[in-house]
1. How many residues does the range 106-149 contain that are part of a helix (DSSP H, G or I) and in contact with a Gly (Cβ under 9 Å, 6 or more places away or on another chain)?
2. What number of residues in the range 189-206 are farther than 14 Å from residue 68 by Cα, assigned to a helix (DSSP H, G or I) and either touching a strand residue (DSSP E or B) at 6+ places or on another chain (Cβ under 8 Å) or among the hydrophobic types (A, V, I, L, M, F, W, C) (or both)?
3. Given the condition closer than 24 Å to residue 238 by Cβ and either modelled with pLDDT of 95 or more or touching a Lys or Arg at 6+ places or on another chain (Cβ under 7 Å) (or both), answer yes or no: does some residue in the range 60-69 qualify?
4. Condition (residue is within 18 Å of residue 145 (Cβ to Cβ), touching a Ser or Thr at 6+ places or on another chain (Cβ under 9 Å) and part of a helix (DSSP H, G or I)) applied to the range 59-79: is it met by at least one residue?
5. Do the conditions hold for residue 92, that is, is it in a helix (DSSP H, G or I), under 24 Å from residue 246 (Cβ atoms) and of a type in the set (Phe, Trp, Tyr)?
6. Return the residue satisfying two criteria in turn: it lies in the range 150-188 and is in a helix (DSSP H, G or I) and among the charged types (D, E, K, R), and of such residues it is farthest from residue 60 (Cα to Cα).
7. For residue 46, state whether it is over 18 Å from the mean Cα position of the chain (by Cα), in a helix (DSSP H, G or I) and either more than 27 Å from residue 197 (Cβ to Cβ) or β-branched (Val, Ile, Thr) (or both).
8. Would you check which residues across the range 229-287 are outside any helix (DSSP H, G or I), modelled with pLDDT of 90 or more and either within 18 Å of the chain's Cα centre (by Cα) or surrounded by 14 or more Cβ atoms within 10 Å (Cβ to Cβ) (or both) and list them?
Amino acid sequence: MAACYGFLAYTIFTFSDALMKLAGTSQVPKMQALTIMGLSATLSVIIFCAARGRLKYLKNKKPKIELLRSLLMTALVFLGFFAVINLPLAIFYTGIFATPMLTSVMAAIFLKEKLPMKKAIAILFGFAGVLIAIDPLSIDTASGKSLSYLALAACPLIAATTVLLTRIEVRTETPESLTLYPYVIRVIIFAPFCLWSYAPIGINEWLYVIGAGTFNAISYMLLSFALKNANAATVVPFQYTQLITGSAIGYVLWSDKLSLNLIIGASIIIASGLFMVFKAQKKPTAEPLPEI
């Protein structure tokens, strides 16, 4: 069942990103889209908790750390939104796949965790895969996409930082709390900008932004269920299905095609990531998430 939750979570994440891309490439003002997505996600979490009688679990016990984490996740969403609307989904996910590797490196530096030689070599191969897949030397700076690639490059670094902060919080916070507050902070930050850029939007655009936010919240909650019932080595490999799902959606909606560089680089990244996951499976598992 945990494997099903994991597969569903990452699949719905991909559909959320596709809807976000549709919203971002429509006539909806960008800040307005981000605000509505944050609101729909916030309401989805609250309704879900109310339906299960778990509203009391929304309280956070480490507000300072959660505020920092939520601010970083807001920056991540902003940069990710900018990247995903300007780049093919397959390239976007290939860049995001660098997150686990960066997390391991940062954990070794800041948390003094051990970084075995085999894992370090796998990380180097993974980073090489990212360079092969994205092929930075071939980026056409005249096309205006160079900023999108810079935004994508920043995403794994910010995401890895939020992972480390989550690891600090997860022993005292509930999945509901960890899911809710980044959405709330996102709305608080983005909403004021709507005063300068608000515009009426059509039914399709409403479906895009509400769907993106709702699917995003559902994905995070499904992922929490999955990690509650199984270790990360069982769940995390399903993240790599996003490349397949994202490529299929990108081809259908935007006629995106996979380059040979992308296929080779993504294969190296996935092999490196799976090696790291299954090596971690041999170690003692971390303290489980609070019961849902």
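1. Number of matching residues: 10.
2. Step one: of the range 189-206, the residues farther than 14 Å from residue 68 by Cα are 190-206.
Now drop any that are not assigned to a helix (DSSP H, G or I), which leaves 190-197, 203-206.
Next, from what is left, pick out any that are either touching a strand residue (DSSP E or B) at 6+ places or on another chain (Cβ under 8 Å) or among the hydrophobic types (A, V, I, L, M, F, W, C) (or both): 190-191, 193-196, 203, 206.
Residues in the range 189-206 being farther than 14 Å from residue 68 by Cα, assigned to a helix (DSSP H, G or I) and either touching a strand residue (DSSP E or B) at 6+ places or on another chain (Cβ under 8 Å) or among the hydrophobic types (A, V, I, L, M, F, W, C) (or both): 8 in total.
3. yes
4. Checked against the condition, which is being within 18 Å of residue 145 (Cβ to Cβ), touching a Ser or Thr at 6+ places or on another chain (Cβ under 9 Å) and part of a helix (DSSP H, G or I), the range 59-79 yields no hits at all.
5. For residue 92, the condition - in a helix (DSSP H, G or I), under 24 Å from residue 246 (Cβ atoms) and of a type in the set (Phe, Trp, Tyr) - is met.
6. Filtering the range 150-188 for residues in a helix (DSSP H, G or I) gives 150-169, 175-188.
Checking which are among the charged types (D, E, K, R) leaves us with 167, 169, 176, 186.
Details: 167: 15, 169: 9, 176: 9, 186: 17 Å.
Looking at the filtered set, the residue picked out is 186.
7. For residue 46, the condition - over 18 Å from the mean Cα position of the chain (by Cα), in a helix (DSSP H, G or I) and either more than 27 Å from residue 197 (Cβ to Cβ) or β-branched (Val, Ile, Thr) (or both) - is met.
8. Hits for the range 229-287 are 256, 258, 259.
The values are calculated or read from the model by the stated rules, or taken from the named source; none is laboratory data. Computed from a prediction, not measured in an experiment: that's the story for all the values here. Cβ coordinates were reconstructed from backbone atoms using ideal geometry, including for glycine residues, and neighbour counts include every protein chain displayed.
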